[in-house]
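Please find one structure pasted underneath; my questions will follow.
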Amino acid sequence: MEKDQMQQQQKWITCMVYPGMFSDELVVEINDRSFFVSRDAVRKRQGDRGEILVTVVEADGKEWAVVPTSTSETVPLGA
């Protein structure tokens, strides 16, 4: 994919939130995939829901969220 065909922006998206293995991390679930993230990456926690700041990349007519994990995992957004 060529860089000029790709657009990106940061965006808060809603996700499911669960306790992580350590006190400084959480598990977030986005579109049936789960990731360990820093507790600081999540805001507006209410029960098992919250928001996470992702980088949204648009490529070839599709949107992908780059999740702030140590390996920068991606997950498709939308239908």
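Any read-out appearing in this document is the output of simple, stated calculations on the displayed coordinates, not a laboratory observation. From a predicted model like this one, the values you see are computed outputs, not experimental measurements. FYI the Cβ positions are ideal-geometry reconstructions off the backbone, even for glycines, and counts take in every protein chain you see.
Excluding residue 39 itself, what net charge comes from residues whose Cβ is under 11 Å from its Cβ, given Lys and Arg +1 and Asp and Glu -1? Before the final figure, lay out the partial values.
Details: positive: 43, 45; negative: 24, 25, 40.
After counting each charged neighbour, the total is -1.
Say a paramagnetic label sat at a point 7 Å from the Cα of residue 14, along Cα to Cβ; which residues of region 62-79 have their backbone N under 16 Å from it?
It comes to 77-79, nothing else.
What net charge is computed for the residues neighbouring residue 24, neighbours being all others with C-beta under 13 Å from the C-beta of residue 24, Lys and Arg scored +1, Asp and Glu -1?
Details: positive: 39; negative: 25, 40.
For residues surrounding residue 24, the net value is -1.
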